[in-house]
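Below you'll find the structure, written out as structure tokens, and then a few comments.
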Amino acid sequence: MSFAVPTEHYLLLSAVLFCIGVAGVATKRNPIVVFMCIEIMLNAANLGFVALGRHFGDVGGQIYTMLIIAVAAGEVAIGLAIIVSLFRTRETIDLDEADLLKL
Amino acid sequence: MTAHLGTIAFVSLTALTILPAIMVVSTRNLVHAGFWMLPCLIGVAGFYALLEAHFFVVVQILIYIGAILVLIMFALMLTRDVMDPKERQTNAMGVWAGVICGLGLLASAHMLFRHPWVGVTSHPGDAHAQTVALGKALVTRYALPFEAASVLLLAALIAAIVIAKSMRPPAASVGCDGEVSGG
């Protein structure tokens, strides 16, 4: 049984999802919402990998999806630790306030 | 008949994924944003089912919804009162971010549809055969990336503990010189 949805539709959907994530990362001021948007972007990449892996009949797409999921889990752990550390140092987690490295 | 079913499933899963993603970006309430992540991730799991990547339906629900989203919600509940929800939630980049994202989307759509794609040639096996092939590939051809991912995960978790651990007494509020007293 095959559901004949063309691969490019999956890739376009993946691009839309990725752009939504980019817009969120670029505009939000709360770092946790930024992390959610990064998760959306990683999900978009995963979807593209799985769709292309299926298109070409290669198991590599699914392998890299698995690696991305591992990276995403590590990224969330690091990110939450950075938020905790940021709040301890600056007493706020507002990303507009965290401009210590800005020239 | 199955083609129609596939199209209907694709369109409804698209709505289930894209609309919550837009809500995550646009809503002002942080907890609502966290809960809007849920249908978005479930929609992606549905796409995996549609792509016949059965193993990743389970992985998506277990890891993304069961672990990552719960962790994010946990952090959200902890820091909910730090930022006033009545305050502005976005920075001054809104218009430019929208313009750049729209242009990027148009460019990628143009590149996608510039040439016609050949139809799906591969027919993936059933769930059992596919998972067996995935497991075999993980320990043979892709053994090195797999081990690297394991080491990365371990390093990330240790680093998270090191970053989040603070020996500083909370009363001693210091400036932003980044000084860390000994571990």
For the protein assembly as shown, one quarter of the surface area of the C-alpha convex hull, expressed in nm², comes to 17.1 nm²
Can you tell me the 0 to 90 degree angle between the C-alpha axis of helix A:31-56 and the longest principal axis of chain A, rounded to 10? 20 degrees
In Å² (nearest 100), what accessible area is buried between B and A, both sides summed, heavy protein atoms only, 1.4 Å probe? 7100 Å²
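In peptide A:34-40, what is the residue-averaged number of other protein chain Cβ atoms found within 10 Å of each Cβ? Walk me through the numbers on the way to the answer.
Numbers: counts 0, 5, 14, 5, 0, 8, 9.
For this peptide, the per-residue mean of nearby foreign Cβ atoms is 6.
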Quick one: accessible area per residue over the protein assembly as shown, 1.4 Å probe, rounded to a whole number of Å²? 53 Å²
Residues of the range A:42-67 with accessible area at least 40 Å² lower in the all-protein-chain context than alone (1.4 Å probe)? A:ASN43, A:LEU47, A:VAL50, A:ARG54, A:HIS55, A:VAL59, A:GLN62, A:ILE63, A:MET66, A:LEU67
Quick one: Karplus J couplings for the range B:136-149, per residue in order, coefficients 6.51, -1.76, 1.60, θ = phi - 60°, nearest Hz, x for Gly and Pro? 5, 5, 5, 9, 10, 6, 9, 5, 5, x, 5, 5, 4, 5
Using the Kirkwood radius built from alpha carbon pairs, what does the Stokes-Einstein equation give as D for the range B:127-168 at 20 °C and 1.002 mPa s, in µm² per second? 173 µm²/s
Considering only protein heavy atoms, what is the solvent-accessible area of B:HIS128 at a probe of 1.4 Å, reported in Å² to the nearest 10? 130 Å²
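Calculate what fraction, in whole %, of the accessible area of the range A:25-91 sits on carbon and sulfur atoms when a 1.4 Å probe is rolled over the protein chains.
On the way: 1470 of 2040 Å².
The value for the range A:25-91 is 72 percent carbon and sulfur by accessible area.
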The alpha-carbon pair-distance distribution computed for chain A, with 10 angstrom bins and whole-percent values, is 14, 35, 27, 15, 7, 1
Rounded to the nearest 0.05, what FRET efficiency do B:ALA107 and B:VAL31 give with R0 = 35 Å and r taken as the Cβ-Cβ distance? Could you check? 0.50
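Quick one: net charge around B:LEU153, please, counting Lys, Arg +1 and Asp, Glu -1 for every other residue with C-beta under 14 Å from its C-beta.
Working: positive: none; negative: A:GLU75, B:GLU147.
Value of the local net charge: -2.
The values are calculated or read from the model by the stated rules, or taken from the named source; none is laboratory data. Keep in mind that this is a model prediction, so the values were computed, not measured. Backbone-built Cβ (ideal geometry, glycine too); neighbour counts: all protein chains shown. Surface areas here come from the heavy atoms of the whole protein model, side chains and all, with no ligands, DNA or RNA. Shrake-Rupley method; radii C 1.70, N 1.55, O 1.52, S 1.80 Å.
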